[in-house]
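The values are calculated or read from the model by the stated rules, or taken from the named source; none is laboratory data. Since the structure is predicted, the reported quantities are computational estimates derived from the model, not experimental observations. A quick note on method: Cβ atoms are made from the backbone with ideal geometry, for glycine too, and the neighbour counts reach across all protein chains shown. We work out accessible area using only protein heavy atoms, side chains counted, and drop any ligands, DNA or RNA first. Shrake-Rupley method; radii C 1.70, N 1.55, O 1.52, S 1.80 Å.
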Amino acid sequence: MSDAAAVAEAYRHCEAITRREAANFHYGVRLLDHRRRQGMSAVYAFARRVDDIGDGTLPAAEKLLLLDGESQALAALEAGSAPPGEDDLVLVALADTHTRFALPAGALGELIEGVRMDVRGVEYETFDELVVYCRRVAGAIGRVCLAVFGLRAGAGNPARAHALADDLGVALQITNILRDVREDAENGRVYLPAEDLRRFGITGAADGDAGAARRIASLALSAAEESAAAAATQELARMSELVRFEAARGREWFVRGTTLAGLLDRRSAACLMAMAGIYRRLLDRIEEDPPSALARRVSLPRSEKIIVAARGMIGAGA
């Protein structure tokens, strides 16, 4: 197989992963031209692989070894010192994307470090500490996507664009955290800052993630059954206020991050606004009815995602 054929096959593989796995991401990516769509799919496929290691069922020590392997492969790819073998289709596509779009060195390495934080069970006392995690697992992806988008002519200071891409990534991750509060708690993980849990009177917050996770999972069960005792009902109301408090924070990051669209060409701006629009709509749903968001994972129907994507195109003038 020629090099060109191998690269084309690798991109097809990554695009198939994106269509299958990226329920929200794909609606924006499909608005891009072919080359950028390929690049975004390669980035997503690699990020998906790293995330799957962190979310898998292997013991923590084995996960960390696998992440070390991904980190070493990524470092070799970025240095151009060890071309990936043709059997690793994701890395073949990512290597070509790295060459095409000059992806920022180290950004995908930050993603790996963020997943290491998950595997090690890092707890977050303050919102500022949580932002560090969000910047690694999502802000870094925002900066990589910016490289694929490219800035339009005369857009101004690239450093400002990088900061805005990072801000938008934080907004998306805050939305993910609020969407997955119940599921994470059932798996023993809490991303909501401990100081906020205490501030809103969530029982078990003083006992670290384990105690808070047990209580949040219990509240989620009460919300699903709609038959909670009076004390649980009161605490569920406090939990709802906490969710709204964090959602308001996420909205502030969206306001800043989406100004990045003004620095992009029309199709890239449409892609960004479609993805951001879908996540903002999710955040709206969570904020409007926190108990329902605790009881079950919030999602948007396909028809609504299409409408949001279309509005992104119209708003960007695409």
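For the reader, a short list of remarks on this structure follows.
- Dipole-positive endmost among Gly169, Ala155, Phe46 within segment 25-171 (Cβ charges, Cα centre): Ala155
- Neighbour net charge for Ala61 - beta-carbon separation under 13 angstrom, K R +1, D E -1: +1
- Of the accessible area of the chain, computed with a 1.4 Å probe over protein heavy atoms only, carbon and sulfur atoms account for 52 percent.
- Degrees between helix 266-288 axis and first principal axis of the chain (Cα, 0 to 90, nearest 10): 10 degrees
- Rounded to 0.05, the FRET efficiency of the His34 and Glu183 pair, given R0 = 30 Å and the Cβ-Cβ distance, is 0.25.
- The accessible-area ordering, largest first, of the residues Arg37, Arg285, Arg297 stands as Arg297, Arg285, Arg37, per a 1.4 angstrom probe.
- For segment 71-140 and segment 241-299, distance of Cα centres in Å: 24 Å
- Restricting segment 95-151 to GluC sites (Glu not before Pro) in coil, as DSSP defines it, with at most 14 other Cβ within 10 Å: Glu125
- Taking max minus min of the alpha-carbon positions on each principal axis, segment 9-69 gives extents of 41, 21, 14 Å, largest first.
- With helices as the sole contributors, the chain gives -24000 deg cm²/dmol at 222 nm; each DSSP H run of n ≥ 4 counts as -39500 (n - 2.57), and the sum is divided by every residue.
- Acute angle (nearest 10 degrees) that the helix 158-179 long axis makes with the longest principal axis of the chain, alpha-carbon atoms: 40 degrees
- Surface accessible to a 1.4 Å probe, per residue, for the residues of the chain, Å²: 44 Å²
- For the chain, the longest principal axis of the Cα atoms and the long axis of helix 34-55 meet at an angle of about 40 degrees.
- Computed accessible area, Asp289, all protein chains, 1.4 angstrom probe, square angstrom: 70 Å²
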